[in-house]
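**Student:** Quick one: structure below, then a few questions.
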Amino acid sequence: MEEFYNKVNNLIDKIDESILVKEIKELNKKVENDSKLKDLLEKYHLTQDESIKEQIISNDLFQEFKSKETDLNILIMSINQKLKKIGNGRSCK
């Protein structure tokens, strides 16, 4: 079982080092440095105003970030499904 945990930890390290994660981190920095977008996000967080939400959603940088985030979430879900199959197939009885 320890070998399994080591392999999962190695997989996590590989994902952290992947191009996709690096792109998300870079985009996150760009969002943090985009004062207009950052202000909109903060205002929306406080007000939940739909017009502000539309402005955020229409922002190209935000769209790019969400697209990459979705790609990463799909990858994680796929990995989780495979790990679940492994776990169910090899459980002790």
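The values are calculated or read from the model by the stated rules, or taken from the named source; none is laboratory data. What you are looking at is a predicted structure, and each value in this text was computed from that prediction instead of being measured. Because the Cβ atoms are built from the backbone with ideal geometry, glycine has one as well, and the counts that use them run over all protein chains shown.
**Student:** State which residue is nearest to E64 (Cα to Cα) when the search covers only segment 17-48 and only residues that are exposed (fewer than 11 other Cβ atoms within 10 Å of the Cβ) and aliphatic (A, V, I, L, M).
**Tutor:** Of everything passing the filter in segment 17-48, I19 is nearest to E64 (Cα to Cα).
**Student:** Determine whether L11 is without any contact (Cβ under 8 Å) to a residue 40 or more places away in the chain and more than 14 Å from the chain's Cα centre (by Cα).
**Tutor:** Criteria not met by L11.
**Student:** Based on what the data block shows, is K43 basic (K, R), within 21 Å of D16 (Cα to Cα) and at pLDDT 95 or above?
**Tutor:** Here the answer is no, as K43 does not meet what is asked.
**Student:** In segment 18-93, which helices (runs of 4 or more DSSP H) lie fully inside it and hold 1 or more residues that are touching a residue at least 60 places away in the same chain (Cβ under 8 Å) and within 19 Å of K7 (Cβ to Cβ)?
**Tutor:** Here the list reads 60-89.
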